[in-house]
Structure formats: structure tokens, C-alpha cells
Amino acid sequence: MTSPAPGITAVDIEKWFQLHIASLTGLPPEEVSGAADFESFGIDSVQGVDMLVALENWLAMPDDIPMELLFEAPSIAEAASRVADCKARAARS
């Protein structure tokens, strides 16, 4: 995936998650609900780490996103919101 524009939003990140999970699971992206959590799609710890690294690369934030930020979130949409907040804080630093 290409790098995002500086104004990346939680909606953009949620869409990235949906596309990434769809590619991992073989589901159509529209079946990856933002209301679901990562575990509901059978994402294991290895896939989770790989997904986090891919997300950090896409956002140009290597090693800046704590794993807990994603996987302790109650939903993919909430994880996307947390990541967007993290990105905004990093941009201000």
C-alpha cells in the first residue's frame, strides 16, 4: 500500500485495517466490520505483529505504535481512532 497523506484520518486507518484483514482472511473487505475486534477474525499474535509493522510502515511511524493500542481496543474502529491520535501526537512532536 502507498504511504498516506499527512492528513490521515481514523476513517482512512479503519479502511486500511479492513483491507489488510480481508487480505489475511480471504473475506471481502465489506465483511470486515469496524465494530468487530481483531480476534473475531482469527488474527493470531504473529499476524498481529506483521499487521502492526505494515501499518507503521504505511504511516511512516516505525516502532511508534504500541501493540496494546491496537489489540486492547474493543473494535477495529476504536483501534483506528487510537492510531490516528497517536499519529497526530507524533506529528506535533
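Looking at the square roots a ≥ b ≥ c of the eigenvalues of the Cα gyration tensor of the range 33-87, which shape do they give, rounded for a/c under 1.5, prolate if a/b is larger than b/c, or oblate?
Values: a/c = 2.03, a/b = 1.27, b/c = 1.60.
Judged from the Cα gyration tensor, the range 33-87 comes out oblate (a/c at least 1.5, b/c at or above a/b).
Using the crude model of +1 on Lys and Arg Cβ and -1 on Asp and Glu Cβ, and no other charge, please compute the dipole size for the chain relative to its Cα centre, in debye to 20. Could you put the intermediate results ahead of the total?
Working: 5 positive and 15 negative charges, 82 e Å.
For this selection, approximately 400 debye.
By counting other Cβ atoms within 10 Å of each Cβ, how are Ser40, Ser81, Ser45 ranked from fewest to most?
Numbers: Ser40 13, Ser81 18, Ser45 9.
Sorted ascending by nearby Cβ count, the order is Ser45, Ser40, Ser81.
May I ask you to evaluate 6.51 cos²θ - 1.76 cosθ + 1.60, the Karplus curve with θ = phi - 60°, for each residue of the range 52-66 and list the ³J(HN,Hα) values in order in whole Hz, giving x for glycine and proline?
Each residue of the range 52-66 in turn: 4, 4, 4, 5, 4, 5, 4, 8, 6, 10, x, 6, 9, 10, x Hz.
Taking the dipole about the Cα centre of the chain, with the C-beta of Lys and Arg at +1 and of Asp and Glu at -1, give me whichever of Cys86, Trp16, Val49 is farthest to the positive side.
The one lying farthest along the dipole's positive direction is Cys86.
Sequence gap at least 6, Cα distance under 8 Å: using those rules, report the relative contact order of the chain to the nearest whole percent.
Numbers: 86 pairs, mean separation 36.3, N = 93.
Over the chain, the number comes to 39 percent.
Any read-out appearing in this document is the output of simple, stated calculations on the displayed coordinates, not a laboratory observation. The structure displayed is predicted, hence computed values, not measured ones. Counting neighbours? That spans all protein chains shown, and the Cβs are built from the backbone with ideal geometry, glycine included.
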